[in-house]
Structures are given as structure tokens and as C-alpha cells.
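The values are calculated or read from the model by the stated rules, or taken from the named source; none is laboratory data. Note that this is a predicted model, so its numbers are computed, not measured. Cβ placement follows ideal geometry from the backbone for every residue including glycine, while neighbour counts extend to all protein chains displayed.
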Ligand SMILES: Cc1cc2nc3c(=O)[nH]c(=O)nc-3n(C[C@H](O)[C@H](O)[C@H](O)COP(=O)(O)OP(=O)(O)OC[C@H]3O[C@@H](n4cnc5c(N)ncnc54)[C@H](O)[C@@H]3O)c2cc1C
Ligand code: SF4
Ligand code: SF4
Ligand code: FES
């Protein structure tokens, strides 16, 4: 059976290094299988996260040969095997151990975004009416599996470490899903401008490229949100009209 | 006690899948302090994987539907050994629980007039499953999560409970470790709710994640609570079998619904070879008629591929055992063949089964519009679990409640698709509500230091040993054994061997030695999970031996018929004072006349 060589990052916040492993590759294997096999046979304390092994839970994010990916959806036969495959943790978050990062910042960011606030029900039985065509876009955003790969590649977070100022693409998608929800009555535009600093995004589209769910993060979520923010705060006519209009 | 960090709550919820989240939301809404513990990150629990939908008789698509029909479908599916009161409450309350999700932000697919759309599913008489494409579980868990985080629930992620703490008879807390540094934690609580999900990892081939190790079942059992119906496990007939890395991943029933057929290695459509007598009238005589059914011809009868899940799974096993399986030990599921019938078959398949097309393309390099898939049964769900009171979800131990897949009763011998997600909502809510009621009457119990030291000693002893066993190997051997000996087709002899095997594995577990330290160490976590897996495996095996008949998820080749006497009883399992597993036969209470009447009317 064929073998493949790996270089897997081992270490903690105090430091670490790539460690070389070789393991047998069976047909159809994904990178997560190889990592778990190494864990089972050679390195019982190799830390990594996974749950569904089917691209549905967003637990197994890592950087494979430098590319942010889900380990469970990356087939071995899509990678060159003439050189060792490198597997390392996401870079935009503090390291816990080996391939496991501290993503708790994401959970704190989400809590700060104002929650869903529906309009009163449309029907006497307490239910609402929404047309499928009016929710297609929101459903696209709600496909997000919170793998945080988009956060990992966004230079505002990864290179400039603006975690305190900027909420990152994942939560711009989340805010867009709330803002575009047909039933929602909350207004998050001021927060998006002042707290989330949506202006820091300069539309490089790196986030869209890595999203395993194929969400068109920039074009469908961020740009329309930016337009709404501009409309609300910078366009004089809209601002004037807003004086007379509730959201 | 200062040694360990200690947290105090009125209600502690263990597990953050649909059931745990719904329970925590209910409890916190009542104004008490709630802690929520889970093994993974929030939002990653098994519930996220559910596809088809959540069953609730809202009658949005077919106005003939109502709770009575849902109740009788659930009882028929469970072959009448269900807890009928749970089935009744579930059918009555599921619609409100689903609508509530909409008020919390869920965005279900819509009907033409803008209401929640519902789809057909096996065993449900009318279109009943609210859904979002094939990612309903994600929608549900995210809605509960995003609502819950604004409720003041204290969430402890990547924390695993390894023992329940008791003050006298009452459960008063839990002992746990956090994964990152392996540090121990004490949780004190006036009421504890278990919502830990399933046991799929006891088997080699499963659709479940690593979390499905039966922790809640074992924690409850060790705390003296009763388990019930443990023999009933649902094997879904079509999981992927090849490549090995994806073995067990689900292949939706929809493939067969669209005209997919099952064939053995000789090319024979074997499902026509064995049609149970009581289904003969409803099953197609010829492939031609079956095809017409899948294309919506109301005069045609269903093809045998669409017989009940347990039967289809058994037929597949029979073919493989007889040497007519595929090289990888499955059978062929062919949807590509429909090109003989329709001109634009590849486009049609991609449109109807988008996620299956991508799943096989991405994970198996296989184009299902051109080649047959290889499929075989996969361990999917456990109907059995912690015995609870229907109204309150209280277990048989004071202070301990359970909800979701780890609790039992509603499903009887077999669960209908879609009834789990609704179960999580209905009984998650109830568990939260009644745990609060209980907690309000209590003061915090005493934490017994010696219990804690004992749990801790057991948890750490593998680091001090110089044994030779690797926990991953023991887990692997257990899974292989359960698959072979207590799987889809069972008999006394094999199950007795399994009991011996479990004993041996228990001995091997005592020889595990671990390397590394306790910081995020998966081999240690696996070693700890083994206790739970072995406990549930023994419970499953013992219950399956006692039920000397075939019913729903349990098929015995040595007792291949249904036996009316066994239709009147459930089996409960409890730890006796000496530590041995004790099994008891308990009669099913008489059903009230009005429920009986519903069942009679619905046929
Ligand atoms: C592929 C697939 C598709 C499915 N599709 C459907 C469907 O369409 N409709 C349907 O109704 N059902 C479906 N099911 C079944 C359904 O998804 C599950 O039965 C259900 O999600 C279980 O939910 P739960 O809340 O009980 O537990 P889970 O979602 O499994 O959550 C268990 C929680 O308990 C935690 N936990 C476990 N042990 C411990 C411990 N020791 N300490 C601390 N925390 C612990 C875990 O971390 C997790 O948070 C499907 C299942 C699969 C596998
Ligand atoms: S488009 Fe914006 S959010 Fe996305 S990666 Fe670029 S800067 Fe970040
Ligand atoms: S938007 Fe896409 S990349 Fe970002 S967290 Fe969600 S699924 Fe992952
Ligand atoms: S394990 Fe769930 S996405 Fe990879």
C-alpha cells in the first residue's frame, strides 16, 4: 500500500515545530483520516478537532500545504505526494495545542450582535408568511457551518490582528442574514459602522474563495451591507428621508 | 475541595445538541441559573448533521394531517412497544415547537402561500417534515444556539462529564474535565439534565460522530438510573461503504425514492426475492410498476426497495453473507440506470439529489449519474436509553432528567425519520421546565469528596500504568465485535460470545497505558469513553438476548417472528448493588381507550 509523508505542527502557545510522520494511504482517504490514523498508531496525544467527517460541522479546519481547508473534505489524491504534506493550525487565532486553536473570540463577537427581533405574527395563529424568493439569499448565508476559515484568511484579522475592532467575514455574513431576514425589525447598521467596522474590509474576496459552503460572502453579504451603511449614514438624501421614516 | 474549580447552577444541562439547547433555553427562561456542558464546541453536536427534516403535524401541505395521525404513525413505526404517552405528547406539541423556532429566526423552506413547507418521509402518512433543503439539523441547532446565547446560559465548551455526583439518593452535580489542559471541574446543581445523544461509536460502521459514545446512558446507569429498550438500534440500510474512509456516511432514502434500485454482484434486483406477506398487497409486482410509482403514478405500488428500513437492511446483509456482495462488502444502489427511461437523466439526477451527487463526486470520485453506488447498512440511531417519565422527563433517580436520543420511550422498536428532531424540541423543553420545578424545591446538595477522588483515580490510573494496551485498538476491536455479533441479524450464540468478548475487553481496558500528558490528549479521552461504550454494549447485548423475538430494530434469526407476548413488555436495565447488570421485564401500561381508538381508526 502507498505511503505518504506528513509534516504536522506539534506544539502549544509556548512554541512548537513540524514533526514528520509517514502513514499508509488507502483509497479515498481524506487528510483527516491520515491525521487520525497517525493519532491512533503513532501519536496518541496529537490534538485535532473533528465531528461529522462529512463537511457539515465545521470543526476540522486547518491549513493544508498552506491552504485553509476542512481536513475531512480534502482528498489525499488531490495533493502532491512527492513531498511531505504540511498540516498546521489556523493562524488567525491563538494556538491551544497542535492543530487546535482558541476560537472563543468568535463566540464572543457573535454575542455582541443584536439578536433577531421579528415583527408581530402575520396570522392569528401566531405564524408568519414569507415567500421562498424572499428568503433564498438569507438561506444562502445560513448554510454557514462556522468553520472560521474565512476569518483565518482575512488579512484584517490574520495580518493586522484587528480582532478588537473588526468582526470578520463570518459575522458580516451573520449580520447580513439578520438584516436581510424578512421578519426582522432590528437595525444593526450603526453597530456595523461603529462597532464592527465594516469599513475595514477592502473587498479582497479572500474569504469567499475559501468558504467550503460556497457562500458568496463578499458580493452577496458584505457589499450590500456596505451599501446600506453608506445609504444610512453618508447619503444626504437618505439621511433626510430617514428623519421621517422608521425602519 | 479547593483543589478543583467548582461551579454552581440551579440546573446543569449535559449536552448541547438540539435536546440540551432546548432544555437550557427553557430553564433559563424561567429565571434560574443554567450551566450547559458539551464535549465539542457549541454548534458542532451531532444534531448539526440531520438532513431530512423535523416531523410535526402542522398540516401546511395536506390539511388531513393532525396529531392523531402522527401519533398512530409513530406507534405503528415503533411496533406498539412505545411509551404511548410520550408518543401522544410528542404528536400534540411538535407543531408549536417548530413554529417557535421560526419566532427565533429559523428560515424553513416555504409553501407557495408562504408557510413552512413539509415533505413526505417513510412511515409518515402525510407530508409532515419541515425542512431546509437537506440541512435541517444545521438550521435547528444554529437557531437554538443563536437564541440561547442571549439568555444568560453559562456554556462550558470542550468539557466532558465523567461522573455524576450524588448526595444520598439524589443527583447533585457532575464531575468533569476540560479538554485543553485536562483540569478537573466540579459542577454543583439542584437538577441535572442528560442530553448526550447516541451510541453509534459502539459499532464499526456508523453515521455518528466520535461523540456518540453513550456517555449519558452510562452516566445514568452508574448513578443507579434505569435504561430501557436498549435492544432496539436503527440500522439505516444505505450508508456509503467505499472508499473505506467514508464508510457509514449516510446515503439518503431519496435516492430510492427517485427510482434508484438495489442490485447484487450478479446484477440481480434481490429486493424482489423477499417481500414480507403483510406488505405483498402494497408492493409492486414488477420493476415496471415500481418505476411508475417513483414517477408519481398513483395507481402503481411501491417498489420493494422502499419497504421498511429494517427489512431492506436485512436483505442487504443476506446478499453479502451469501457471497453476492460487492468487492467492498455492500450491494449496488443504481440511479444511473434511469437513463433507459428518461432522456435527460444526468441533469435530472443532479437536480433531484444535489448533495448525493456532490458527496459521491467529492468523497468517492464517483459520478452517480453514470455508475452505481456501493452501499450497506450503517448504525444510525438508538431507540433505547434512559427510562424517563413521559410528562417530566425525570429519570428513576431524583434530580436526574434526560431528553433527546439518550432518553427512551417515544420510538418503541423503531423510529420514524424526522421524529428525532421533533423529540429533541418537545422533550428538551419539558425536561427544562420540570428540572426547574424540581430545582426550586431543593437546596444545593453536599458534594462527597470521596466520590470525586474515586472518579479521579479511575480517570488517571492509565497514566501510571505500564500496560501495553492502546485505547484506540480496544475501541476498534469492540466496534468490530459489536458489528459482527450484535448487529443487524442476531442470534443467541453470537450474542453470548459478545458478552464474553465484552468481559475480555473490559480486562484489556485495565491494561491501557498512556503517553503524553493530560493536555488535549485524544488517547486519554478515548480511554475514558471506553467505559461508556462497554457499558452500553453490554446493555444492548443483554437486552437483545432477552427479547426472544424479532421486532423493529431487533432481528433474531433464531426467533425470526414477532411474538405477541413480547409486544406487551419492555426490558429495563439497572446496576444492582453488587455492580452487576440486572435486566427486568416490565409490562407496558394499558393504553387509554381514546388512544386505542385512534389506532384502530387509522388502521
Ligand atoms: C446523518 C444523520 C442524519 C439524520 N437526519 C435526521 C433527520 O432528518 N431527522 C431526524 O429527526 N433525525 C435525524 N437524525 C437523528 C438526529 O440527528 C439525532 O438523533 C439527534 O440530533 C440527537 O440529538 P441530541 O440533542 O439528543 O444529541 P446530540 O446532538 O448528539 O448532542 C449530544 C451532546 O451531548 C454532548 N455530550 C455527550 N457526552 C457528553 C459528556 N460526557 N459530557 C459533556 N457533554 C457530552 C455532546 O458534546 C453534544 O453536545 C440524523 C442522524 C444522522 C447521523
Ligand atoms: S473581502 Fe473583506 S472580509 Fe473578506 S477577506 Fe477581504 S477584507 Fe476580509
Ligand atoms: S462563511 Fe463560509 S468560510 Fe466563513 S465560517 Fe461560514 S462556512 Fe466557514
Ligand atoms: S469534521 Fe465536520 S466539517 Fe470536517
All positions within the stretch B:4-48 that are within 14 Å of chain A (Cβ to nearest Cβ) and part of a strand (DSSP E or B) | B:36
With the checklist (1) away from ligand 4 (no atom under 16 Å from the Cβ); (2) touching a residue at least 12 places away in the same chain (Cβ under 8 Å); (3) away from every other protein chain (no Cβ under 14 Å) in hand, flag the one item residue A:161 doesn't pass.
-> (2)
Candidate set: the stretch B:335-355, residues that are surrounded by 15 or more Cβ atoms within 10 Å (Cβ to Cβ) and in a loop (DSSP other than H, G, I, E, B); chosen: the one farthest from the chain's Cα centre (by Cα) = B:335
Out of A:171, A:166, sole residue that is surrounded by 16 or more Cβ atoms within 10 Å (Cβ to Cβ) and not in a loop (DSSP other than H, G, I, E, B) | A:171
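Yes/no per residue for (1) away from ligand 1 (no atom under 16 Å from the Cβ); (2) touching a helix residue (DSSP H, G or I) at 6+ places or on another chain (Cβ under 9 Å); (3) modelled with pLDDT of 95 or more; (4) within 27 Å of residue A:104 (Cβ to Cβ):
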position: A:175; (1), (2), (3), (4): yes, yes, yes, yes
position: A:188; (1), (2), (3), (4): yes, yes, yes, yes
position: A:195; (1), (2), (3), (4): yes, yes, no, yes
position: A:241; (1), (2), (3), (4): yes, no, no, no
Search the stretch A:105-122 for residues being without any contact (Cβ under 8 Å) to a residue 12 or more places away in the chain and at the interface with chain B (Cβ under 9 Å from one of its Cβ atoms), and hand back the single one that is nearest to residue B:146 (Cα to Cα).
-> A:111
What do you reckon, is residue B:158 in the same structural domain as residue B:49 (by TED's automatic domain parsing), within 16 Å of ligand 4 (Cβ to nearest atom) and surrounded by fewer than 22 Cβ atoms within 10 Å (Cβ to Cβ)?
-> yes
Residue in the stretch A:199-215 that is surrounded by the most Cβ atoms within 10 Å (Cβ to Cβ), counting only those that are more than 16 Å from ligand 4 (Cβ to nearest atom) and under 12 Å from the mean Cα position of the chain (by Cα) | A:207
With the stretch A:48-101 as the region, which strands (runs of 3 or more DSSP E) entirely inside it contain at least 2 residues that are within 16 Å of ligand 4 (Cβ to nearest atom) and within 14 Å of chain B (Cβ to nearest Cβ)?
-> A:67-70
Is it the case that some residue within the stretch B:587-599 is crowded, with 16+ Cβ neighbours inside 10 Å, over 22 Å from the mean Cα position of the chain (by Cα) and not in a helix (DSSP H, G or I)?
-> yes
Whichever residue in the stretch A:134-148 is facing chain B (nearest Cβ under 9 Å) and free of Cβ contacts under 8 Å to residues at least 40 places away in the same chain and, among such residues, is surrounded by the most Cβ atoms within 10 Å (Cβ to Cβ) | A:142
Residue that is surrounded by the most Cβ atoms within 10 Å (Cβ to Cβ) [pool: residues in the stretch A:35-45 that are at the interface with chain B (Cβ under 7 Å from one of its Cβ atoms) and not in a helix (DSSP H, G or I)] | A:44
Is it true that residue A:15 is away from ligand 2 (no atom under 16 Å from the Cβ), free of Cβ contacts under 8 Å to residues at least 12 places away in the same chain and in contact with a helix residue (DSSP H, G or I) (Cβ under 9 Å, 6 or more places away or on another chain)?
-> no
Kindly indicate whether residue B:520 is farther than 24 Å from residue B:207 by Cα, crowded, with 22+ Cβ neighbours inside 10 Å, at pLDDT below 95 and within 14 Å of chain A (Cβ to nearest Cβ).
-> yes
Could you tell me whether the stretch B:572-584 includes any residue that is surrounded by 13 or more Cβ atoms within 10 Å (Cβ to Cβ) and out of contact with any strand residue (DSSP E or B) (no Cβ under 7 Å at 6 or more places or on another chain)?
-> no
Report whether or not residue A:19 is buried (at least 24 other Cβ atoms within 10 Å of the Cβ), more than 16 Å from ligand 3 (Cβ to nearest atom) and either closer than 19 Å to residue A:82 by Cα or more than 7 Å from chain B (Cβ to nearest Cβ) (or both).
-> no
Taking the stretch A:138-176 and keeping residues within 14 Å of ligand 3 (Cβ to nearest atom) and farther than 19 Å from residue A:210 by Cβ leaves A:138, A:139, A:175
Hey, any hits in the stretch B:4-11 for a residue that's more than 18 Å from residue B:207 (Cβ to Cβ), in the same structural domain as residue B:415 (by TED's automatic domain parsing) and within 16 Å of ligand 3 (Cβ to nearest atom)?
-> no
Identify, from the list B:512, B:540, the residue that is within 29 Å of residue B:185 (Cα to Cα) and either at pLDDT 95 or above or surrounded by 21 or more Cβ atoms within 10 Å (Cβ to Cβ) (or both).
-> B:512
Quick one: which of B:540, B:474, B:512 is in contact (Cβ under 8 Å) with a residue 60 or more places away in the chain and either in contact with a strand residue (DSSP E or B) (Cβ under 9 Å, 6 or more places away or on another chain) or away from every other protein chain (no Cβ under 14 Å) (or both)?
-> B:540
Looking only at helices (runs of 4 or more DSSP H) that fall completely inside the stretch B:194-303, which ones have 3 or more residues that are without any contact (Cβ under 8 Å) to a residue 60 or more places away in the chain and either more than 10 Å from ligand 1 (Cβ to nearest atom) or within 14 Å of chain A (Cβ to nearest Cβ) (or both)?
-> B:287-294
Among residues belonging to the stretch B:97-115 that are within 8 Å of chain A (Cβ to nearest Cβ) and not in a loop (DSSP other than H, G, I, E, B), point out the one that is farthest from residue A:137 (Cα to Cα).
-> B:99
Test result for residue B:135, in contact (Cβ under 8 Å) with a residue 60 or more places away in the chain, facing chain A (nearest Cβ under 10 Å) and crowded, with 18+ Cβ neighbours inside 10 Å | yes
